[in-house]
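The values are calculated or read from the model by the stated rules, or taken from the named source; none is laboratory data. This structure is a prediction, so every number in the text was calculated from the model and none was measured. When we count neighbours, we look across all protein chains shown, and the Cβ atoms used for this are built from the backbone with ideal geometry, even at glycine.
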Amino acid sequence: MKVRTPLQAGLLKALIGFISVVTLFATTLPQGWNGWYRLSQSGTTGLASVVSCEQVGRHQRMAYEYTVNFRQFTGHGMGCDPGPGGTVAIVYVPTEPSVSASAFDQEKMKWAPLIALGFPALLGVAGYWLAARRLRMGLPVRGRR
């Protein structure tokens with residue numbers, strides 16, 4: 001597709017930004033988008049015992065265990081407060097208890113929709129503005145004359 005107008009340039013940049021953000025979230029979230037959505041819609045809070053902590057790059061990661069209907073499950077979350085042997089709040093899906101997140105991770109993910117929609121929107125506006133500016137200067141929107 002040849003980009004000829006500022007609107008096309010803005011929409012193209014917004015689409016590229018949206019695909020990038022969705023791909024980033026889908027590949028980095030342990031539960032993926034579906035798991036986070038289910039946690040936000042039907043998540044039940046509970047308590048878990050912190051089993052271990054490990055350093056992953058510059059971040060800490062904890063492993064926790066929790067029991068639902070007399071079955072034991074494990075999960076992972078960012079941070080390591082209160083440390084091994086401590087108790088941490090979690091959110092899990094009652095119909096599929098293996099899908100869980102620490103309450104800290106769940107709180108951070110409330111910003112995910114804003115990031116997923118806001119970042120591409122900013123890219124789109126910037127793309128539109130830059131393309132319109134190039135047209136005002138007598139330059140082509142994209143590429144060489």
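Tally time: how many residues in the range 108-145 are in contact with a Phe, Trp or Tyr (Cβ under 6 Å, 6 or more places away or on another chain) and either among the hydroxyl-bearing types (Ser, Thr, Tyr) or modelled with pLDDT under 80 (or both)?
So the count comes out to 1.
If the condition is being outside any loop (DSSP other than H, G, I, E, B), in contact with a strand residue (DSSP E or B) (Cβ under 9 Å, 6 or more places away or on another chain) and closer than 12 Å to Thr44 by Cβ, then the range 54-100 contributes Tyr66, Val68, Ala89, Ile90, Val91, Tyr92, Val93, Pro97, Val99, Ser100.
Restricting the range 91-107 to residues that are at pLDDT 80 or above and not small (Gly, Ala, Ser), which is surrounded by the fewest Cβ atoms within 10 Å (Cβ to Cβ)? Here the residue is Thr95. Beta carbons closer than 8 Å, at least 6 apart along the sequence or on distinct chains, pair a first residue in the range 56-78 that is free of Cβ contacts under 8 Å to residues at least 40 places away in the same chain and farther than 14 Å from Glu96 by Cβ with a second that is crowded, with 17+ Cβ neighbours inside 10 Å and of a type in the set (Asp, Glu) for Gly77/Asp105; Met78/Asp105.
Check the range 37-51 and report whether any residue there is touching a Gly at 6+ places or on another chain (Cβ under 8 Å), at pLDDT 85 or above and of a type in the set (Gly, Ala, Ser). Among the residues of the range 37-51, at least one is touching a Gly at 6+ places or on another chain (Cβ under 8 Å), at pLDDT 85 or above and of a type in the set (Gly, Ala, Ser), which makes the answer yes.
In the range 54-69, how many are within 20 Å of Pro84 (Cα to Cα) and exposed (fewer than 15 other Cβ atoms within 10 Å of the Cβ)? Steps first, answer last, please.
Of the range 54-69, the ones within 20 Å of Pro84 (Cα to Cα) are 54-67.
Within this subset, residues satisfying the condition of being exposed (fewer than 15 other Cβ atoms within 10 Å of the Cβ) are 54-59, 65, 67.
So the count comes out to 8.
Is it fair to say Gly127 is more than 23 Å from Tyr64 (Cα to Cα) and not polar (S, T, N, Q)? Taking the combined requirement at face value, the residue satisfies it.
Of all the listed residues (Ala126, Ala112), the sole one being surrounded by 16 or more Cβ atoms within 10 Å (Cβ to Cβ), assigned to a helix (DSSP H, G or I), out of contact with any Pro (no Cβ under 9 Å at 6 or more places or on another chain) and touching a residue at least 40 places away in the same chain (Cβ under 8 Å) is Ala112.
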